[in-house]
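*Asks:* Can you read through this structure? Questions will come right after.
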Amino acid sequence: MSPAAADQSADPAAELAVLAAEIAAHAARYYRDDAPTISDAEYDALVRRNAELEAAHPDLVRGDSPSIRVGSAPATGFGKVVHSRPMLSLDNAFADAEVVEFVARVRRFLRIGEDNPIILTAEPKIDGLSVSLMYRDGVLVTAATRGDGTTGEDVTRNVATVADVPQSLPPGAPAVIDVRGEIYMAKADFVALNAAQTCAGGRTFANPRNAAAGSLRQLDVAVTRARPLRFLAHGWGEISDLPAESQAGVMAVLAEWGFPVSDRLTRCSTIDEALAAYRGIETDRAALPFDIDGVVYKVDRLDLQARLGEVARSPRWALAHKFPAERATTLLLAIDIQVGRTGQLTPVARLEPVGVGGVIVTNATLHNEDEIARKDVRIGDTVELQRAGDVIPQILGPILDGSVRGEPYVFPHVCPACGSLAVREAGEVARRCTGGLICPAQRIERLRHFVGRRAFDIEGLGAERIELFVGEGMIVTPADIFRLGDHREALVARRGFEAVSVDKLLAAIADRRTMTLDRFLFALGIRHVGEIVARDLARTFVTYVAFSERVEAALAVQATAAEPDDERARARSAAALAAVFAVGGVGPEIAASITDFFAEAHNRAVVDDLRREVTVADFAIATRQSQVTGKTVVFTGTLETMSRDEARAQAERLGARVAASVSARTDLVVAGPGAGSKAVKAAALGIEVIDEPAWCAIVAAA
Ligand code: IVH
């Protein structure tokens, strides 16, 4: 955003509201969950935009503005610690001119003229997790994370495992001192940890900072102890007795007391010296053992720091001069499409290897179809990429130098893993493969769903065994489960698989050779066909034959519809499909999804094969005649004597249909305490609303 455009916004109040919500969500993912979804540079850009708009429209600054809040509220699971002095944040600068302005601001505030030097310290801004270490009478009593700046998490037991942190201070140290600094993980240790985690099947971390945060904030201290965490002090909070008169002086004393402090801290008497220190640290950045994202300048004299004080969330006496995100250009060799376990197609850029910030990059994410179109990146382009502290680099866009380019990239509409149609639903960014049952990328996930408790519910066939059997080629599609008996000898011959347990498994499978229509449909894993929709379909069609006749009718309608890639045409055809099904809970989206599924010859083949192994039993709930037979019931609020599932089962036994939301078609609403808008809506529509005891009476009377 250029400065001239900084204050321009069609609707600044609305934009500020969106920014507040977005920044809070990203801050929570970063600080609280240790799982950011955008790069630091992108986050900084949002914060800057917020600051620019607020500067241009001071009257619009919100109570929940990110410029007032720091970090994110503490996660649960840890005790809380109220910091005796708030843990502040730092103002950011990106350009040299902003550093010049910072010093000018300090001079104006203190009324110190150009003839008097203002000494600044300069030191690396380490990318870790800030902590406060409270020592009383020379003993570490509490360690806390920053949290929201006022209240953090109590991580005393975790910090006690970090060897860099002194447990006690030498005689002569102040009675009360709150040492502040960063817990971090060295780059080499981070790489080794991720490798070990991958081997052990554990989670890996996006970057050293997340690894440090994730390792420190462990309720099980033994996990923290096993992680290579380090500490570097960079300041202090409450202190009963200052041991020196300058920032650099106190840091030297902290080093004497046993705290690791930066060996790159220098004192600079001019802006030029400060900027030279910045460049020096930037040059050495890749060689440093830990990640840094800038340089912090602090006014060295502590009396001046005290006079300067703080504004909103950051001290007036300090500034973070951030490094630009690391960028490079290279050739885009190809765009590969990866298919995730749930069928989502993700484009990955294959690049001519290039060094970015000391790392050789060969792949970068392109996120999704829209992202490629928006950036208009084409195979053969020279592209600019950025590695902003994250491990997965991002493509910023093509470098257009006038040379001849390839054709615009066309995102595939078929799944590269199985050849099925890949569709994109209205309002979704992701394109998904519709070949769920045959797609190798989704095989394991689909089979797990198929045997799950609420689907075929095959005892003894858990995720591990599914993976094993798929790995050995014994199971490819669900029908193969029912042919596992053919492999009995091979299974029994396996080490660690006894004949009894093989036979038990085969018996459990045999037990499921008859399956009711509702569970059968649910087990197929058709997108949007969950348990409730499956039951609605089964209740309406009763037999598989009737259901499949309706599917054929839908396929005929779909075949006459216009290009399915035209979004409006697709929506229109989806509405027509919903009319074909004519089932209460099946709207256009679900109808289109069912039709897409059966439009795939592979899927039909898999279902037909399965039906040769399994008998689909007609759907019949032994219904009892009652006051609610044939009616539509909605449950809302808290039920006190039963679960929602039980209430649903009761209603269905009485021949009622249970809906999730209140509409004109609802006949009865059962409202427990805390029922909100649904009960209000029911009243507005003149629908009968009863309480739980009244419902129990209906059940008892049937
Ligand atoms: S001084 C008032 N010095 O950066 C805050 N902070 O973005 C004084 N950080 O919360 C902080 N390296 O956790 C300071 N050399 C350094 C630092 C540093 C990293 C962190 C710190 C702070 C955050 C602000």
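*Asks:* Of everything in the stretch 100-110, what is within 13 Å of VAL299 (Cβ to Cβ) and touching a residue at least 24 places away in the same chain (Cβ under 8 Å)? Give them in sequence order.
*Replies:* Correct list: PHE102, VAL103, ARG105, VAL106, PHE109, LEU110.
*Asks:* Okay, next question. Could you please find all residues in the stretch 420-433 being touching a strand residue (DSSP E or B) at 6+ places or on another chain (Cβ under 9 Å) and either at pLDDT 90 or above or farther than 26 Å from GLY380 by Cα (or both)?
*Replies:* Answer for the stretch 420-433, where residues must be touching a strand residue (DSSP E or B) at 6+ places or on another chain (Cβ under 9 Å) and either at pLDDT 90 or above or farther than 26 Å from GLY380 by Cα (or both): SER420, LEU421, ALA422, VAL423, ARG424, GLU425, ARG431, ARG432, CYS433.
*Asks:* For the list (1) touching a residue at least 12 places away in the same chain (Cβ under 8 Å); (2) within 21 Å of ILE239 (Cα to Cα), I need the number of the one condition that ALA277 fails.
*Replies:* Here ALA277 meets the rest and fails (2).
*Asks:* Are any of the residues in the stretch 433-446 free of Cβ contacts under 8 Å to residues at least 60 places away in the same chain, among the small types (Gly, Ala, Ser) and either out of contact with any Cys (no Cβ under 8 Å at 6 or more places or on another chain) or assigned to a loop (DSSP other than H, G, I, E, B) (or both)?
*Replies:* No, that holds for no residue.
*Asks:* Taking the stretch 249-288 on its own, how many of its residues are acidic (Asp, Glu) and within 16 Å of the ligand (Cβ to nearest atom)?
*Replies:* Result for the stretch 249-288: 3.
*Asks:* When you check ARG180 against the structure, is it part of a loop (DSSP other than H, G, I, E, B) and of a type in the set (Lys, Arg), yes or no?
*Replies:* Criteria not met by ARG180.
*Asks:* Still on this structure: Which of the following residues is of a type in the set (A, V, I, L, M), in contact (Cβ under 8 Å) with a residue 24 or more places away in the chain, touching a strand residue (DSSP E or B) at 6+ places or on another chain (Cβ under 9 Å) and within 16 Å of the ligand (Cβ to nearest atom): LEU333, LEU302?
*Replies:* LEU302
*Asks:* Right, next: Name the single residue, out of those in the stretch 465-502 being among the acidic types (Asp, Glu) and without any contact (Cβ under 8 Å) to a residue 12 or more places away in the chain, that is farthest from PRO440 (Cα to Cα).
*Replies:* GLU498
*Asks:* Identify the residue in the stretch 411-425 that is part of a strand (DSSP E or B) and not β-branched (Val, Ile, Thr) and, among all such residues, is farthest from GLU371 (Cα to Cα).
*Replies:* If we take residues in the stretch 411-425 being part of a strand (DSSP E or B) and not β-branched (Val, Ile, Thr), then LEU421 is farthest from GLU371 (Cα to Cα).
*Asks:* Additional query: Can we say ASN194 is within 24 Å of TRP257 (Cα to Cα), away from the ligand (no atom under 16 Å from the Cβ) and part of a helix (DSSP H, G or I)?
*Replies:* no
*Asks:* For the structure I just gave you, tell me whether ALA679 is modelled with pLDDT under 80 and of a type in the set (A, V, I, L, M, F, W, C).
*Replies:* No: the conditions fail for ALA679.
*Asks:* Mind checking which residues of the stretch 597-630 are among the basic types (Lys, Arg) and touching a Lys or Arg at 6+ places or on another chain (Cβ under 7 Å)?
*Replies:* ARG624, the sole residue that qualifies.
*Asks:* Counting just the residues of the stretch 135-160 that are part of a strand (DSSP E or B) and either in contact with a His (Cβ under 9 Å, 6 or more places away or on another chain) or of a type in the set (Phe, Trp, Tyr) (or both), which one comes out surrounded by the fewest Cβ atoms within 10 Å (Cβ to Cβ)?
*Replies:* By that ranking, first place goes to THR151.
*Asks:* Something else: Scan the stretch 171-191 and give yes if some residue there is touching a residue at least 12 places away in the same chain (Cβ under 8 Å), in contact with an Asp or Glu (Cβ under 6 Å, 6 or more places away or on another chain) and within 16 Å of the ligand (Cβ to nearest atom), otherwise no.
*Replies:* There is at least one residue in the stretch 171-191 that is touching a residue at least 12 places away in the same chain (Cβ under 8 Å), in contact with an Asp or Glu (Cβ under 6 Å, 6 or more places away or on another chain) and within 16 Å of the ligand (Cβ to nearest atom).
*Asks:* Can you pull out every residue in the stretch 305-320 that is more than 13 Å from the ligand (Cβ to nearest atom) and among the aromatic types (Phe, Trp, Tyr)?
*Replies:* Residues satisfying the conditions do not exist here.
*Asks:* Failed condition for ARG453, given (1) part of a helix (DSSP H, G or I); (2) surrounded by fewer than 18 Cβ atoms within 10 Å (Cβ to Cβ), with all others met?
*Replies:* (1)
*Asks:* Here's another thing I want to ask about it. Check every one of the helices (runs of 4 or more DSSP H) wholly within the stretch 218-296 and list those with 2 or more residues that are modelled with pLDDT under 95, aliphatic (A, V, I, L, M) and surrounded by fewer than 16 Cβ atoms within 10 Å (Cβ to Cβ).
*Replies:* 221-226
*Asks:* Right, another one. Out of the residues in the stretch 53-106 that are of a type in the set (D, E, K, R) and more than 17 Å from ALA24 (Cβ to Cβ), state the one that is modelled with the lowest pLDDT.
*Replies:* The qualifying residue modelled with the lowest pLDDT is ASP59.
*Asks:* Does the stretch 116-123 contain at least one residue that is within 12 Å of the ligand (Cβ to nearest atom) and either assigned to a loop (DSSP other than H, G, I, E, B) or under 23 Å from SER65 (Cα atoms) (or both)?
*Replies:* no
*Asks:* What pairs can you find where one residue is in the stretch 402-417 and within 14 Å of ARG378 (Cα to Cα) and in contact (Cβ under 8 Å) with a residue 12 or more places away in the chain, the other is loosely packed, with under 14 Cβ neighbours inside 10 Å and of a type in the set (Asp, Glu), and their Cβ atoms are less than 7 Å apart, with a gap of 6+ or different chains?
*Replies:* Taking only residues 6 or more apart or on different chains, the pairs are PRO408/ASP376.
Conditions (1) closer than 30 Å to ARG488 by Cβ; (2) buried (at least 21 other Cβ atoms within 10 Å of the Cβ), marked per residue:
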| site | (1), (2) |
| --- | --- |
| ALA508 | yes, no |
| PHE520 | yes, yes |
| ILE526 | no, yes |
| ALA569 | no, no |
| ALA575 | no, no |
| PHE581 | no, yes |
| GLY587 | no, no |
| ILE590 | no, yes |
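*Asks:* Only helices (runs of 4 or more DSSP H) wholly contained in the stretch 513-586 count here; list those with 1 or more residues that are in contact (Cβ under 8 Å) with a residue 40 or more places away in the chain and of a type in the set (Lys, Arg).
*Replies:* 517-523, 531-541, 567-581
*Asks:* Still on this structure, please answer the following. Could you check the stretch 352-385 and list, in sequence order, the residues that are under 23 Å from the mean Cα position of the chain (by Cα), of a type in the set (S, T, N, Q) and either exposed (fewer than 13 other Cβ atoms within 10 Å of the Cβ) or over 17 Å from VAL429 (Cβ atoms) (or both)?
*Replies:* ASN363
*Asks:* Within the stretch 428-444, is even one residue within 25 Å of the chain's Cα centre (by Cα), surrounded by fewer than 19 Cβ atoms within 10 Å (Cβ to Cβ), of a type outside the set (Gly, Ala, Ser) and closer than 20 Å to ARG512 by Cα?
*Replies:* Taking every residue of the stretch 428-444 in turn, at least one turns out to be within 25 Å of the chain's Cα centre (by Cα), surrounded by fewer than 19 Cβ atoms within 10 Å (Cβ to Cβ), of a type outside the set (Gly, Ala, Ser) and closer than 20 Å to ARG512 by Cα.
The values are calculated or read from the model by the stated rules, or taken from the named source; none is laboratory data. Remember, it's a predicted structure, so these values are computed and weren't measured experimentally. Glycine also receives a Cβ, built like all others from the backbone with ideal geometry; neighbour counts cover every protein chain displayed.
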